[in-house]
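Asker: Have a look at this one before I ask anything.
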Amino acid sequence: MTVRSILVPLDGSPFGEYALPHALSLARRAGARVELAHAREPVSLWDVPADRTPEGEDRRATEQAMSYLTDVARRAKAASPAVAVATTLLHGSAADPRHGYPDATRPDNVLLTAALYRRSVADALCEYATESRPDLVVLTTHGRGPLSRFWLGSVATDLVQHAPAPVLLVRPKEGPPDPAADTAPRRILIPLDGSPFAEQIIPLAVTVGTLAGAGYRLLRVVPPVLSSSGGLGG
């Protein structure tokens, strides 16, 4: 398979950004573009102060999310100038039931989606991945605090199960991530169970391994055979 587009879902936390060095390392080798996506859930009407409007709070939250994405894209470009980096904000508006961008022209990198209004962040990301058709999705498995750990953990699980593209999960570490770090794998372990279904991962593993110059190890775990007496068969 060929990797030309890599989608990186972000939750706004430094731990969520640990996927970025891995995505950029692969993108530099493959000549792929990287798209940073953040799904901003609707502002709860219960959280709107009495002296403010739902439309104003919704706009403020959207502008903050766009500012965050712009900053991450700037750091990514500084680390990998040759890699094309794009941003997309998936936005569900509680202020406008038609999911419009209130009182302003909608920026090109803001997509309004009912999935965030009626369903979940993972649904919105899956729908967007179906439309944008990335070759690979890279995201971290969990965040540091209980809230970010829940967000990333549940979203990662849903994307593994439902995303239309292969998903590469990255475990975050302590401290801020370095977008310029070379995190390409040197050894790749491929667990197999003997079924053609499990072997579907091999093309992606070979692609990533070829880009990184990595070695491979195929692993098959065989359960022991018990004899009629309860012991291990000879």
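Values quoted throughout were computed directly from the atomic coordinates according to the rules given, and no laboratory measurement underlies them. Quantities reported herein were computed from a predicted structural model and do not represent experimental measurements. All Cβ positions, glycine included, derive from the backbone under ideal geometry; neighbour counts span all protein chains shown.
Asker: Would you mind calculating the gained length between THR2 and ALA78 on full extension (0.36 nm times residue separation, minus the Cα-Cα distance), in nm to one decimal? Before the final figure, lay out the partial values.
Answerer: Details: separation 76, 0.36 × 76 = 27.36 nm, distance 2.51 nm.
Separation in residues times 0.36 nm, less the Cα-Cα distance, equals 24.8 nm.
Asker: Under a plain spin-label model, where a point goes 7 Å from the Cα along Cα-to-Cβ, how far apart in nm are GLN161 and ARG186?
Answerer: So the label points at GLN161 and ARG186 sit 3.7 nm apart.
Asker: Near GLY215, within a Cβ-to-Cβ distance under 14 Å, what is the net charge of the other residues, with Lys and Arg +1 and Asp and Glu -1? Could the numbers behind the result be given before it?
Answerer: Values: positive: ARG186, ARG187, ARG217; negative: none.
Within the 14 Å Cβ shell, the charges total +3.
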